[in-house]
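Presented below is the structure to which this report refers.
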Amino acid sequence: MQDPNRHMRLLQRLFQAPDRGTAPRLYAAIVARGREPHWYEAGAVPDTIDGRFDMIAAVMSLVLLRLEQDDAAIPFSTQLTEVFIDDMDGQLRQIGIGDIVVGKHVGKMMGMLGGRLGAYRAALADGTLGEALVRNLYRGEAPAPEALAHVEAGLRTLRDQLAETPIDTLREGVLA
């Protein structure tokens, strides 16, 4: 005999948000760090939708770079990226982007995050973080040298803090 509630349970699972564990907590901490006023005031990051996206993407990139150092953290890194995608989808809908093109915009944002991840990985390795920040965070418009130095120092400090943060602490949703 077939279970009469089988179809209802299947539909509920289809529309239920997936369990992303503690990744939403870490993502909230990333967003909070990226929204700290000093980035926009002393660092002259544009306080616009694009500027906030770029700052959050910079912090997110540093966290993802830390997580990629441990193969066991790959599933958590994937969950964190999925939370980012969900947030970007929601943000786009909130500002009025329609259903038909949301996916295209989210895809573009994912490409931007991936590009920044690669750019920051290379820049941290070869000492050119300032140049990468001008290209990616400031979108080619260099700020005053002291503003750039502020952001570069802040991100390097975060990178150093993350390097000393155990992966399990990040998995618990705690940012350095």
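The values are calculated or read from the model by the stated rules, or taken from the named source; none is laboratory data. The structure displayed is predicted, hence computed values, not measured ones. Cβ atoms come from the backbone with ideal geometry, glycine included; neighbour counts cover every protein chain shown. The area values use the complete protein model at the heavy-atom level, side chains included, leaving out ligands, DNA and RNA. Shrake-Rupley method; radii C 1.70, N 1.55, O 1.52, S 1.80 Å.
Overview of results
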quantity	calculated
Any chance residue 82 is open to solvent by 50 Å² or more (accessible area, probe 1.4 Å), at pLDDT below 95 and not β-branched (Val, Ile, Thr)	yes
Residues (under 26 Å from residue 164 (Cβ atoms), open to solvent by 10 Å² or more (accessible area, probe 1.4 Å) and either in contact with a strand residue (DSSP E or B) (Cβ under 7 Å, 6 or more places away or on another chain) or in contact (Cβ under 8 Å) with a residue 60 or more places away in the chain (or both)) located in the stretch 38-61	38, 42
Elements of type helices (runs of 4 or more DSSP H) in the stretch 88-170, at least 2 residues being modelled with pLDDT under 95 and open to solvent by less than 60 Å² (accessible area, probe 1.4 Å)	99-126
Answer residue from the stretch 5-38, given it is of a type in the set (S, T, N, Q) and modelled with pLDDT of 65 or more and is nearest to residue 87 (Cα to Cα) among those	22
